[in-house]
Amino acid sequence: MAPLPTLPIPDPTLEAVDREIVARASAGPRRRYLGMSSIAEPCERKLWYGLNSEQDPEPFSARTIRMFNDGHRGEDVIISLLRMVPGIQLHVRGDDGRQFRVEDYDGRFAGHLDGAIIGLIQAPKTWHVFEAKVCNEKKFAKLNELKVKLGEKQALEAWDPIYYGQAVAYMSYTGMTRHYLVAATPGMRDLTSVRTNENPVYAMRLKAKAERILNAKYPLARISNDPDWWQCKSCQWRTVCHQQPESDA
């Protein structure tokens, strides 16, 4: 008989660390605007809840929060690496010292850019919206695969529709016509990039979607009525959403 797998021995100290991570993240203020970074999210009901629900969402796990924090740290590393290249100007703050913000509908639809960059060797005279993303190795490899298969300018939309929607919205609201995304694996061991063109038609659709969500008095339609649907299972609003009758939408 094969030996049974040995389960890891729990560490009460690290378990306490995880509890603190979740508690501190949950104690932060709720965002009270519709984010451009998530406007391409396929479930409009999810976006509506994030903006309007009086209940708190289910908290992210400590592991997920650590992943988010890893992404924030990775952004700073990527920026410092790009700035080493002669001729590159990468701005991450406005004249007021704050992160670049774009907004509409009296600030109820808004987003914060990682930066604006000019001086790329492949397009030295063109300003690009800049974004940095840290992802796992599998997703990183998929981006490189799509660049070869579809071409660089089409890869972002196929790779991550939500990132693509963010890129399109930021280009539309800044007036820049190109977007430059640098993706990295954890620890910034591997880097790749993708440039994307503006898409004014899709930008208008996203703006109309934002207006629809902002003006809705009741929750919009669910993406699925099955709480075990794959997109619902990981949603922070799963419990709230599926406890409320669909007729309220």
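The values are calculated or read from the model by the stated rules, or taken from the named source; none is laboratory data. This structure is a prediction, so every number in the text was calculated from the model and none was measured. Note that each Cβ is placed from the backbone with ideal geometry, even for glycine, and that neighbours are counted across all protein chains shown.
Quick notes on this structure:
- Residue match in the stretch 143-152 (condition: closer than 19 Å to His112 by Cα and either touching a Cys at 6+ places or on another chain (Cβ under 7 Å) or in a helix (DSSP H, G or I) (or both)): no
- Residues of the stretch 87-109 classified as of a type in the set (Lys, Arg), under 19 Å from Ala203 (Cα atoms) and without any contact (Cβ under 8 Å) to a residue 24 or more places away in the chain, total: 1
- Test: residue in the stretch 79-86 that is over 21 Å from the mean Cα position of the chain (by Cα), touching a residue at least 24 places away in the same chain (Cβ under 8 Å) and closer than 24 Å to Lys217 by Cβ: no
- For the criterion of being in contact with a Ser or Thr (Cβ under 8 Å, 6 or more places away or on another chain), among the hydrophobic types (A, V, I, L, M, F, W, C) and either on the phi > 0 side of the Ramachandran plot or assigned to a helix (DSSP H, G or I) (or both), Leu47 passes.
- Among the numbered conditions (1) outside any helix (DSSP H, G or I); (2) of a type in the set (A, V, I, L, M, F, W, C); (3) without any contact (Cβ under 8 Å) to a residue 24 or more places away in the chain, the only one that Leu181 does not meet is (3).
- Being modelled with pLDDT under 95, surrounded by 11 or more Cβ atoms within 10 Å (Cβ to Cβ) and within 23 Å of the chain's Cα centre (by Cα) holds for only one residue in Pro57, Pro29, and it is Pro57.
- Single match in Val148, Val168 (criterion: within 17 Å of the chain's Cα centre (by Cα), of a type outside the set (Ser, Thr, Tyr) and over 18 Å from Gly74 (Cβ atoms)): Val168
- For the criterion of being part of a loop (DSSP other than H, G, I, E, B), surrounded by 12 or more Cβ atoms within 10 Å (Cβ to Cβ) and basic (Lys, Arg), Arg222 passes.
- Scanning the stretch 178-196 for residues being surrounded by 15 or more Cβ atoms within 10 Å (Cβ to Cβ) and either under 17 Å from Leu113 (Cβ atoms) or of a type in the set (Gly, Ala, Ser) (or both) gives a total of 11.
- Any hit, the stretch 184-193, residues being over 30 Å from Ala208 (Cα atoms) and of a type in the set (Val, Ile, Thr): yes
- On the stretch given as the stretch 82-104, residues that are out of contact with any helix residue (DSSP H, G or I) (no Cβ under 7 Å at 6 or more places or on another chain) and outside any strand (DSSP E or B) total 12.
- Some residue of the stretch 163-175 being in contact with a Leu (Cβ under 8 Å, 6 or more places away or on another chain), in a helix (DSSP H, G or I), β-branched (Val, Ile, Thr) and buried (at least 22 other Cβ atoms within 10 Å of the Cβ): yes
- The stretch 119-132, subset crowded, with 19+ Cβ neighbours inside 10 Å and of a type outside the set (Phe, Trp, Tyr), residue nearest to Glu75 (Cα to Cα): Ala132
- Test: residue in the stretch 177-194 that is of a type outside the set (Asp, Glu), under 14 Å from Arg45 (Cβ atoms) and out of contact with any Phe, Trp or Tyr (no Cβ under 7 Å at 6 or more places or on another chain): no
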